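Here is the structure we will look at, set down as structure tokens.
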Amino acid sequence: MPRNTLRLAIALSLLATPLLSACGGSSAASDEKVVTVYSADGLKGEAGDGWYDRIFKDFEKQTGIKVEYVEGGSGEMVQRAAREKRNPQADVLVTLPPFIQQADGKGLLQKYAPKGSDQVSGADKGADATWTSVVNNYFGFVYNKKELKQAPTTWDELLEGTYKNKLQYSTPGVAGDGTAVLIKAMHDFGGQKPALDYLGRLQSNNVGPSASTGKLAPKVDKGELLVANGDVQMNFAQSKTMPNLGIWFPAKDGGRPTTFALPYAAGLVTDAPHTENGRKLLDFMLSQGAQRQVSEIGGGFSARGDVKATDANAIALAGLMDGVEVFEPDWDDIDKNLTTYVDAWKSATGS
């Protein structure tokens, strides 16, 4: 081969090398110092003082990886990730049950057991290591302490004229806490039909649909609403800046107040654009340091069994849960039949 031709071949070969590399698995995007989180609302503070605010800041400082944050209802976040399945934009997905199971069933989550997940109870993580709880939590309701002399105690009280256009709950099938209303009613009333009969009657007092539960508490605090649904972690954190907010748990007439665990569960998105950064963030979320801040800053309950919080918030939260019966939903049934249940709710309420 002539010398000039050889030099040209070598030069072309060198020019082609970066192009071949960019087309392979080691793309420039995978090296970016960024991680994108799609999350249900509740863990980010209204004034930048929530658990997410603190741990994202600490994570960025420790790793140099910037957290890009997108927030919405649990169902909304799963739907968005599903639409992007062929070209994922998120690295980490955080939702409430049953939407984390739904995301898993749609193939949106890849297997990854974060460091510390061995300290999370079996009920609070996926059997196939596709998700794990990062903040434990319970379903609840809020009321306006200023307008109401005392908290309601039963479901039936909410049918009274006092609550006409002063009650609202987020939409089942869209919001995690909204779906929880349906799950708790089915448990408390003893089945789908009696629960839907009740929710159909309650509709005359209901203001209307809401895609986000987090937007309801401020309305309750201001007195625009007297009662709304929520969850203990989010509402406890909000009560620090919303003095009229009180938390309660509806009971069936003659029964004890009930609730169920509604943890924030996180998973690594399948084919995430920054998979390694996503793994690092999940590890950080479950680290002992971050978990010790769950109650102190976030107003929630640590997902790790080996982290025993003793701060003032942890003590107050324990008192709030005292005397409340905690039941365990059949998540497999709910995951399988959620669409049917939501459609039946829409028919019963005319939504």
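The values are calculated or read from the model by the stated rules, or taken from the named source; none is laboratory data. Being a predicted model, the structure only gives us computed values, none of them experimental. Reconstructed Cβ throughout: ideal geometry from the backbone, glycine too, with neighbour counts over all protein chains shown.
Descriptive notes on the structure:
- Pick from the range 122-167, criterion small (Gly, Ala, Ser) and surrounded by 14 or more Cβ atoms within 10 Å (Cβ to Cβ), ranking: farthest from residue 186 (Cα to Cα): 129
- Test result for residue 257, assigned by TED's automatic domain parsing to the domain that holds residue 205, under 18 Å from residue 317 (Cβ atoms) and at pLDDT 95 or above: yes
- Hits in the range 322-351 - residues which are crowded, with 16+ Cβ neighbours inside 10 Å, part of a helix (DSSP H, G or I) and at pLDDT 95 or above: 341, 342, 344, 345, 348, 349
- Residues of the range 127-164 classified as under 21 Å from the mean Cα position of the chain (by Cα) and assigned to a loop (DSSP other than H, G, I, E, B), total: 6
- Looking across 193, 184, one residue alone is touching a Ser or Thr at 6+ places or on another chain (Cβ under 8 Å) and either without any contact (Cβ under 8 Å) to a residue 24 or more places away in the chain or not in a strand (DSSP E or B) (or both). It is 184.
- Number of the condition not met by residue 327 [criteria: (1) touching a Ser or Thr at 6+ places or on another chain (Cβ under 7 Å); (2) within 19 Å of residue 134 (Cα to Cα)]: (2)
- Failed condition for residue 57, given (1) over 24 Å from residue 338 (Cα atoms); (2) in contact with a strand residue (DSSP E or B) (Cβ under 8 Å, 6 or more places away or on another chain); (3) surrounded by fewer than 16 Cβ atoms within 10 Å (Cβ to Cβ): (2)
- On inspection, residue 282 does not qualify as of a type outside the set (D, E, K, R) and touching a helix residue (DSSP H, G or I) at 6+ places or on another chain (Cβ under 8 Å).
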